[in-house]
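Q: Here it is: the structure, laid out below.
The values are calculated or read from the model by the stated rules, or taken from the named source; none is laboratory data. Nothing here was measured: the structure is a model prediction, and the numbers come from that model. A quick note on method: Cβ atoms are made from the backbone with ideal geometry, for glycine too, and the neighbour counts reach across all protein chains shown.
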Amino acid sequence: MKVKIAKHKLTNDELIVYNKPKKVYIPLISGNDTNITILVKKGEYVYKGSMIGKRKGDFRIPIHSSVSGTVLDFEEKTCYNGEKIKCVVIENDFKEKIEQKINIKKTISKYSKEEFLELLKENGIVGMGGAGFPTYVKYEAKNIDTLIVNAVECEPYITADCTLAKAKCEEILETIDAILEINKMKEAIIAIKKENVELKQVFDNFIGTYLKIKIKLVSNIYPMGWEKRLVKEITGKDYSNYPSDVGIIVNNISTIYAIYEALKYNKPLIERIVTFSGEGLEKPYNVLVKIGTPVDEILNQLKVKENSIIVSGGPMMGNRVDELVISSNLNCVLALNENANDVTACIECGKCVSVCPVKLSPVLIMKTKYKKERDIKKIKAYHPEKCIGCGLCSYICPAKLYVRERVKEAKKIVRGDK
């Protein structure tokens, strides 16, 4: 079953910069892992780009300060996933001090594979479109021959990647070409929606000299941005675990540009473009903002309307929040009108089953109480851990039930997170 979703995309490419937060709250989370070693203490002075934390376990990736200033405290703040996360609070001195002089690399393709991996790792480059998976881990895989650059942005409202691609197209193409050369990969494919003629034209203007880079127009079907569906659409290949199983790596546009800054300037991931949109704003914008910036500061600048609800992320996969700080994988903040939809009882229509891209039965997961051990065993049989959080089950539900939230809760229980 195919579902048409309203677009609500920005109609302009205006990009503004908000780079003067009074304080930043750097979330101590990497992907979904909050097991972080803290490397700073109260009262300590840190530079812009200083390492303030490092993930433990297998993927020991660092977290950096986005400003120079003094560590004030450690507080819990709401992060992209709608949960309270411990943060390092840093008072901004507005001096933008860095610890070491930047050596600009003239040719970014002249790194060895080992140097490339180390730069991605030490600069904390992660996937900036969702899960925040460490990027260097993807490039450690063997026998990779294809890079797919995800420029789809399938959720309504979100245009952060599109705006970045239009502003930095030459740098993005240079980076893709460098990745191919360093990793000895055969080709790169930039995936763009068929309807996004303007973005295709931007790439067409510069792509002529890059013979290994191609553009592929993909269907406007939600959730096309999901890696598994994107790989299938472009190559016809299917896989069980990761795209690397079939010789493919997928990066989105923002991640590619973060790789560019790491290769060119040895710059850690300390800022990103975020779409601020929704009916609750007088005008939507894409904003270049420092990681850890309180969203309230930005919304005040953009004149949010009274009684708006704030959503972290897009309308399909996002989470309603009361307060929020910017993280590396937050691509959108929505200010929406309060929607007073009347919730009714489930009518067991099965629509949530028909639209689920991973073939789950959301209605059965939702109705299982999982209060006793036998219930937990039952819920495991429905495999909620396979849920990609696309939100189609809630979107299609005629009873206006929060199906996705119940599946998300079951997912945590199965994984032992709750």
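Q: Suppose we filter Leu299, Leu334, Leu288 for residues that are within 17 Å of Arg272 (Cα to Cα) and in a helix (DSSP H, G or I); which single one remains?
A: Just a single option satisfies the conditions, and that option is Leu299.
Q: Sticking with this structure for a sec: Are any residues in the range 267-306 in contact with a Gly (Cβ under 8 Å, 6 or more places away or on another chain) and either farther than 27 Å from Glu405 by Cβ or not hydrophobic (A, V, I, L, M, F, W, C) (or both), and if so, which ones?
A: Lys267, Pro268, Leu269, Ile270, Pro284, Lys305
Q: Does Lys56 qualify as being surrounded by fewer than 18 Cβ atoms within 10 Å (Cβ to Cβ) and without any contact (Cβ under 8 Å) to a residue 40 or more places away in the chain?
A: yes
Q: Would you pick out the residues in the range 407-418 that are part of a helix (DSSP H, G or I) and either at pLDDT below 85 or within 22 Å of the chain's Cα centre (by Cα) (or both)?
A: Val407, Lys408, Glu409, Lys411, Lys412, Ile413, Val414, Arg415
Q: Same structure, new question: Determine which member of the set Glu118, Glu96, Glu122 is crowded, with 16+ Cβ neighbours inside 10 Å and of a type in the set (Asp, Glu).
A: Glu122
This table checks each residue for (1) within 30 Å of Ile221 (Cα to Cα); (2) out of contact with any His (no Cβ under 9 Å at 6 or more places or on another chain); (3) assigned by TED's automatic domain parsing to the domain that holds Met317; (4) not β-branched (Val, Ile, Thr).
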residue	(1), (2), (3), (4)
Thr78	no, yes, yes, no
Ile125	yes, yes, no, no
Met128	yes, yes, no, yes
Tyr136	yes, yes, no, yes
Leu147	yes, yes, no, yes
Val152	yes, yes, no, no
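Q: Can you say whether Val88 is under 24 Å from Ser30 (Cα atoms), assigned by TED's automatic domain parsing to the domain that holds Met51 and surrounded by 15 or more Cβ atoms within 10 Å (Cβ to Cβ), as far as the supplied structure shows?
A: When the stated conditions are applied, Val88 passes them.
Q: Could you list all residues from the range 286-315 that are surrounded by 20 or more Cβ atoms within 10 Å (Cβ to Cβ) and touching a residue at least 40 places away in the same chain (Cβ under 8 Å)?
A: Asn286, Val287, Val289, Lys290, Ile291, Gly292, Thr293, Ile298, Ser312, Gly313, Gly314, Pro315
Q: Note down all Cβ pairs under 7 Å where the first residue falls in the range 176-204 and is outside the structural domain of Ile221 (by TED's automatic domain parsing) and modelled with pLDDT of 95 or more, the second is in a helix (DSSP H, G or I) and loosely packed, with under 13 Cβ neighbours inside 10 Å, and they're at least six residues apart or on different chains.
A: none
Q: Additional query: Within the range 12-41, how many residues are of a type in the set (Asp, Glu) and in a loop (DSSP other than H, G, I, E, B)?
A: Qualifying residue count for the region: 2.
Q: Let me ask something else about it. Considering the range 61-100 alone, what residues qualify as being in a loop (DSSP other than H, G, I, E, B), in contact with a Ser or Thr (Cβ under 8 Å, 6 or more places away or on another chain) and among the aliphatic types (A, V, I, L, M)?
A: Hits for the range 61-100 are Ile61, Ile98.
Q: Please tell me if Lys228 is more than 22 Å from Val358 (Cα to Cα), surrounded by fewer than 23 Cβ atoms within 10 Å (Cβ to Cβ) and of a type outside the set (S, T, N, Q).
A: no
Q: Report yes if Ile388 is under 18 Å from Glu155 (Cβ atoms), outside the structural domain of Tyr222 (by TED's automatic domain parsing) and β-branched (Val, Ile, Thr), otherwise no.
A: Yes.
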